[in-house]
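Below: the structure, in structure tokens.
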Amino acid sequence: MWMLPGQNQSWVSEFILLGFSSDPTTNSILFIVFLLIYLSSVLGNGLIILLICMDTHLHTPMYFFLCILSLLDMGYVTTTMPQMLVHLLAKSQTISFAGCWMQMYVFGALGITECTFFVVMAYDRYVAICHPLRYTVILKWDLCIWLAAGTWICGFLFSLLHTFFTMSLPYCGPNKVNHYFCEGPSVRSLACMDTYLIEMVDLVLSVFVVVTPISLIVASYVHIAKAILKIKSTQGRCKAFSTCASHLTVVTFFYGPSTYIYMRPNSSYSAERDKQISLFYNAFTALLNPVVYSLRNKDIKRAFLKVVGHGRVD
């Protein structure tokens, strides 16, 4: 469990993830609940990807972006949930230092990518409502691909900085992480040195990956709201708003918890509360996305009925 690099100082070589409970009965119940959530999230998002790929009518920028969002959610929840499910039933709840490093990096990369990707989706709605006649001219496929690629590059770059600074801290004392996965603030709380400087670095990164995207999304929706108010018919307003409602719902449920986790000072850290909040924006948001987009979207419903009724979509 410990490595001795010299000078009588011990360094953590693995972490113990405490999870939610130490009671076997409770863990068995949690296993069933979280397994259902995980399978529903993966199957729901996978179904959306399948429908969009199969139905040529859904080969538009909006559904291209929705397909990528579903892919992100599948990866996001798969980074943490399978390991948590294993730990709920296994006696050992350890994760190697390298494994913790990789989990933190991939989780952060996908999370930051999703943060910035919501801006791209907001821009898509802005163009669709404010410039409907120029929609296909502005959002050409080359631009869509570059926008999507840019969010992935941003996510993996910023996550590398966050993970590097966090995991470069000296961990020479306790190795029990009061969490169900290696999330930055939870692991950082075990460091045997003052983490104020790293917190400031994280805060600066958070401004770029949280505050800036939120500001751009708000700016987009201010223009969208103005455009909707100019529509004379009530039916037209409702239709325009309904195209944005799904995106706004998902953005709210994702940004709210994640902003709290990564932008509050380390002094207000609460392990139990953070576990619950992390579970919400990690697992439940991934589960919510396909529900929100499928229930409120007639095109997705129509594509699903075609697949069920005819076995394929023309």
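The values are calculated or read from the model by the stated rules, or taken from the named source; none is laboratory data. Quick caveat, the model's predicted, so the values are computed rather than measured. Note that we place each Cβ from the backbone using ideal geometry, even for glycine, and neighbour counts take in every protein chain shown. Accessible surface areas use protein heavy atoms only, side chains included; no ligands, DNA or RNA. Shrake-Rupley method; radii C 1.70, N 1.55, O 1.52, S 1.80 Å.
The table below gives the values:
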quantity: Pair list, Cβ < 8 Å and 6+ apart or interchain, from the range 222-238 residues that are within 14 Å of Cys130 (Cβ to Cβ) to residues that are among the hydroxyl-bearing types (Ser, Thr, Tyr) and modelled with pLDDT of 85 or more; calculated: His223/Tyr126; Ile224/Tyr126
quantity: Any hit, the range 99-106, residues being over 30 Å from Phe15 (Cβ atoms), in a helix (DSSP H, G or I), more than 14 Å from the chain's Cα centre (by Cα) and touching a residue at least 60 places away in the same chain (Cβ under 8 Å); calculated: no
quantity: Answer residue from the range 192-204, given it is surrounded by fewer than 19 Cβ atoms within 10 Å (Cβ to Cβ) and hydrophobic (A, V, I, L, M, F, W, C) and is nearest to Asn282 (Cα to Cα) among those; calculated: Leu203
quantity: Candidate set from the range 19-41 (those that are of a type in the set (Ser, Thr, Tyr) and not in a helix (DSSP H, G or I)); member that is farthest from the chain's Cα centre (by Cα); calculated: Ser22
quantity: Checklist (1) among the hydroxyl-bearing types (Ser, Thr, Tyr); (2) buried (at least 19 other Cβ atoms within 10 Å of the Cβ); (3) over 21 Å from Met104 (Cβ atoms) applied to Thr249, failing item; calculated: (2)
quantity: Pairs with Cβ under 7 Å, 6+ apart, first in the range 289-305 and modelled with pLDDT under 80, second surrounded by fewer than 15 Cβ atoms within 10 Å (Cβ to Cβ) and not aliphatic (A, V, I, L, M); calculated: Ser294/Lys301; Arg296/Ser242
quantity: Output for the range 45-63, where each listed residue is part of a helix (DSSP H, G or I), open to solvent by 20 Å² or more (accessible area, probe 1.4 Å) and either hydrophobic (A, V, I, L, M, F, W, C) or at pLDDT 90 or above (or both); calculated: Gly46, Leu47, Ile49, Leu50, Cys53, Met54, Met62
quantity: Flag if Val106 is at pLDDT 95 or above and open to solvent by 20 Å² or more (accessible area, probe 1.4 Å); calculated: yes
quantity: Members of the range 64-80 found to be part of a helix (DSSP H, G or I) and open to solvent by less than 10 Å² (accessible area, probe 1.4 Å), listed by number; calculated: Phe65, Leu66, Leu69, Ser70, Leu72, Asp73, Tyr76, Val77
quantity: Per-region count, the range 171-200, residues closer than 27 Å to Leu30 by Cβ and assigned to a loop (DSSP other than H, G, I, E, B); calculated: 10
quantity: Identity of the residue in the range 113-133, open to solvent by less than 20 Å² (accessible area, probe 1.4 Å) and of a type in the set (A, V, I, L, M, F, W, C), that ends up nearest to His162 (Cα to Cα); calculated: Cys115
quantity: Residue within the range 122-133 that is among the hydrophobic types (A, V, I, L, M, F, W, C), within 22 Å of the chain's Cα centre (by Cα), part of a helix (DSSP H, G or I) and under 30 Å from Leu43 (Cβ atoms) present; calculated: yes
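Okay, residues lined up against (1) over 27 Å from Phe117 (Cα atoms); (2) without any contact (Cβ under 8 Å) to a residue 12 or more places away in the chain; (3) open to solvent by 20 Å² or more (accessible area, probe 1.4 Å):
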site	(1), (2), (3)
Asp142	no, yes, yes
Leu147	no, no, yes
Thr151	no, no, no
Leu161	no, no, yes
Phe164	no, yes, yes
Met167	no, no, no
Tyr171	yes, no, no
Asn178	yes, no, yes
